[in-house]
1. Mind checking which strands (runs of 3 or more DSSP E) fall wholly inside the range 63-104 and carry at least 2 residues that are under 16 Å from PRO43 (Cβ atoms)?
2. Given the condition surrounded by 13 or more Cβ atoms within 10 Å (Cβ to Cβ) and either among the hydroxyl-bearing types (Ser, Thr, Tyr) or touching a Leu at 6+ places or on another chain (Cβ under 7 Å) (or both), answer yes or no: does some residue in the range 60-70 qualify?
3. Can you pull out the residues in the range 1-56 that are outside any loop (DSSP other than H, G, I, E, B), within 17 Å of GLU79 (Cβ to Cβ) and without any contact (Cβ under 8 Å) to a residue 12 or more places away in the chain?
4. Looking at the range 72-95, I want the residues that are within 20 Å of ILE50 (Cβ to Cβ) and have a partner that is modelled with pLDDT under 95 and part of a loop (DSSP other than H, G, I, E, B) with Cβ atoms under 6 Å, at least 6 apart or on another chain. Which pairs are those?
5. For residues that are surrounded by fewer than 16 Cβ atoms within 10 Å (Cβ to Cβ) and farther than 17 Å from TYR38 by Cα, scanning just the range 78-103, find the one that is modelled with the lowest pLDDT.
6. For the range 29-36, does any single residue satisfy the condition of being within 25 Å of ASN85 (Cβ to Cβ), buried (at least 16 other Cβ atoms within 10 Å of the Cβ) and touching a helix residue (DSSP H, G or I) at 6+ places or on another chain (Cβ under 7 Å)?
7. From the set of residues in the range 20-58 that are over 20 Å from THR96 (Cα atoms) and of a type in the set (S, T, N, Q), which is farthest from the chain's Cα centre (by Cα)?
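The values are calculated or read from the model by the stated rules, or taken from the named source; none is laboratory data. No experiment lies behind these values; they were computed from the predicted model shown. Every residue, glycine among them, receives a Cβ derived from its backbone with ideal geometry; neighbour counts consider all protein chains shown.
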Amino acid sequence: MENLKKFYLFENLNENQLKRLKDISKKIDYKKGALLFYEGDEPKNLILLIDGILQVYKTDIKGNKIILHHFYPTSLIAEIVNLENMPYPASAEFVTDGQAILIDYSIFEKEF
(Lines give C-alpha, C1' and ligand atoms only; values in the text may rest on other atoms or scores of the structure.)
Protein backbone atom coordinates (compact mmCIF):
# COMPACT_ATOMS: atom_id res chain seq x y z
CA MET A 1 0.00 0.00 0.00
CA GLU A 2 2.06 2.87 -1.34
CA ASN A 3 -0.27 5.36 0.37
CA LEU A 4 1.11 4.39 3.79
CA LYS A 5 4.52 5.87 2.98
CA LYS A 6 2.89 9.30 2.51
CA PHE A 7 2.29 9.53 6.25
CA TYR A 8 5.14 10.82 8.43
CA LEU A 9 4.32 8.18 11.03
CA PHE A 10 5.37 5.39 8.66
CA GLU A 11 8.09 6.95 6.52
CA ASN A 12 10.92 5.13 8.34
CA LEU A 13 9.37 1.65 8.35
CA ASN A 14 11.21 -1.10 6.49
CA GLU A 15 9.56 -3.26 3.81
CA ASN A 16 8.63 -6.06 6.25
CA GLN A 17 7.01 -3.58 8.63
CA LEU A 18 5.11 -1.94 5.77
CA LYS A 19 3.89 -5.35 4.62
CA ARG A 20 2.65 -6.18 8.12
CA LEU A 21 0.97 -2.78 8.36
CA LYS A 22 -0.75 -3.44 5.05
CA ASP A 23 -1.96 -6.81 6.38
CA ILE A 24 -3.77 -5.15 9.31
CA SER A 25 -5.17 -2.31 7.18
CA LYS A 26 -8.11 -1.86 4.87
CA LYS A 27 -8.76 0.90 2.35
CA ILE A 28 -12.37 2.03 2.17
CA ASP A 29 -14.13 4.33 -0.30
CA TYR A 30 -16.69 6.76 1.12
CA LYS A 31 -19.38 8.79 -0.62
CA LYS A 32 -20.08 12.43 0.14
CA GLY A 33 -22.17 12.59 3.33
CA ALA A 34 -20.91 9.26 4.69
CA LEU A 35 -20.11 9.22 8.39
CA LEU A 36 -16.70 7.92 9.39
CA PHE A 37 -17.59 7.85 13.09
CA TYR A 38 -20.16 9.25 15.51
CA GLU A 39 -19.54 11.19 18.68
CA GLY A 40 -19.39 8.65 21.52
CA ASP A 41 -18.25 5.71 19.36
CA GLU A 42 -15.39 3.65 20.73
CA PRO A 43 -12.35 3.79 18.45
CA LYS A 44 -11.11 0.55 16.93
CA ASN A 45 -8.91 1.85 14.12
CA LEU A 46 -6.15 4.28 13.41
CA ILE A 47 -7.60 6.35 10.54
CA LEU A 48 -5.60 7.80 7.66
CA LEU A 49 -7.39 10.12 5.23
CA ILE A 50 -5.94 9.57 1.76
CA ASP A 51 -8.53 11.31 -0.42
CA GLY A 52 -11.42 13.72 0.03
CA ILE A 53 -12.37 16.27 2.66
CA LEU A 54 -13.60 15.26 6.10
CA GLN A 55 -15.34 17.55 8.56
CA VAL A 56 -15.43 16.98 12.29
CA TYR A 57 -18.44 18.43 14.06
CA LYS A 58 -20.60 18.43 17.16
CA THR A 59 -24.37 18.83 17.20
CA ASP A 60 -26.01 21.41 19.46
CA ILE A 61 -29.26 20.85 21.38
CA LYS A 62 -31.26 22.19 18.42
CA GLY A 63 -29.67 19.70 16.03
CA ASN A 64 -27.38 22.23 14.31
CA LYS A 65 -23.92 21.12 13.22
CA ILE A 66 -21.03 23.05 14.72
CA ILE A 67 -18.02 22.47 12.47
CA LEU A 68 -14.84 22.05 14.51
CA HIS A 69 -12.29 21.20 11.84
CA HIS A 70 -11.74 20.11 8.25
CA PHE A 71 -9.17 17.46 7.37
CA TYR A 72 -7.48 17.06 4.00
CA PRO A 73 -5.28 14.31 2.55
CA THR A 74 -2.91 13.09 3.98
CA SER A 75 -4.13 13.43 7.55
CA LEU A 76 -4.12 11.18 10.57
CA ILE A 77 -7.64 11.43 12.04
CA ALA A 78 -8.44 11.57 15.77
CA GLU A 79 -5.43 9.48 16.78
CA ILE A 80 -5.60 10.87 20.33
CA VAL A 81 -8.74 8.83 21.05
CA ASN A 82 -6.73 5.65 20.51
CA LEU A 83 -3.81 6.85 22.59
CA GLU A 84 -6.04 7.98 25.45
CA ASN A 85 -8.51 5.07 25.13
CA MET A 86 -11.51 7.41 25.00
CA PRO A 87 -14.64 7.65 22.84
CA TYR A 88 -14.74 10.04 19.88
CA PRO A 89 -15.56 13.54 21.20
CA ALA A 90 -17.24 14.56 17.92
CA SER A 91 -18.59 13.07 14.69
CA ALA A 92 -16.81 12.98 11.31
CA GLU A 93 -18.51 13.21 7.92
CA PHE A 94 -17.15 13.29 4.38
CA VAL A 95 -17.80 16.62 2.64
CA THR A 96 -16.71 15.05 -0.66
CA ASP A 97 -16.24 11.51 -1.89
CA GLY A 98 -13.13 10.16 -0.21
CA GLN A 99 -10.93 7.27 0.85
CA ALA A 100 -9.47 6.29 4.18
CA ILE A 101 -7.15 3.59 5.40
CA LEU A 102 -8.27 1.95 8.64
CA ILE A 103 -5.58 0.18 10.67
CA ASP A 104 -6.64 -2.23 13.42
CA TYR A 105 -5.37 -0.29 16.43
CA SER A 106 -5.24 -3.20 18.89
CA ILE A 107 -2.77 -5.03 16.62
CA PHE A 108 -0.91 -1.84 15.69
CA GLU A 109 -0.39 -0.97 19.36
CA LYS A 110 1.09 -4.41 20.13
CA GLU A 111 3.33 -4.73 17.08
CA PHE A 112 4.49 -1.21 16.36
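1. On the way: elements: 65-71, 75-77, 91-94, 98-104.
Passing ranges, in order: 75-77, 91-94, 98-104.
2. Checked against the condition, which is being surrounded by 13 or more Cβ atoms within 10 Å (Cβ to Cβ) and either among the hydroxyl-bearing types (Ser, Thr, Tyr) or touching a Leu at 6+ places or on another chain (Cβ under 7 Å) (or both), the range 60-70 yields no hits at all.
3. Within the range 1-56, TYR8, PHE10 meet the criteria.
4. Short answer, once both residue conditions are applied: THR74/PHE7.
5. Narrowing the range 78-103 to residues surrounded by fewer than 16 Cβ atoms within 10 Å (Cβ to Cβ): 79-80, 83-87, 89, 95-97.
Still in the list and also farther than 17 Å from TYR38 by Cα: 83-84, 96-97.
Values: LEU83: 91, GLU84: 94, THR96: 99, ASP97: 99.
Taking the candidates together, the pick is LEU83.
6. Going residue by residue through the range 29-36, those that are within 25 Å of ASN85 (Cβ to Cβ) are 35-36.
Of the ones still in play, those that are also buried (at least 16 other Cβ atoms within 10 Å of the Cβ) are 36.
Narrowing the set further to residues that are touching a helix residue (DSSP H, G or I) at 6+ places or on another chain (Cβ under 7 Å) leaves none.
No, that holds for no residue.
7. Restricting to residues being over 20 Å from THR96 (Cα atoms) and of a type in the set (S, T, N, Q), the top hit is SER25.
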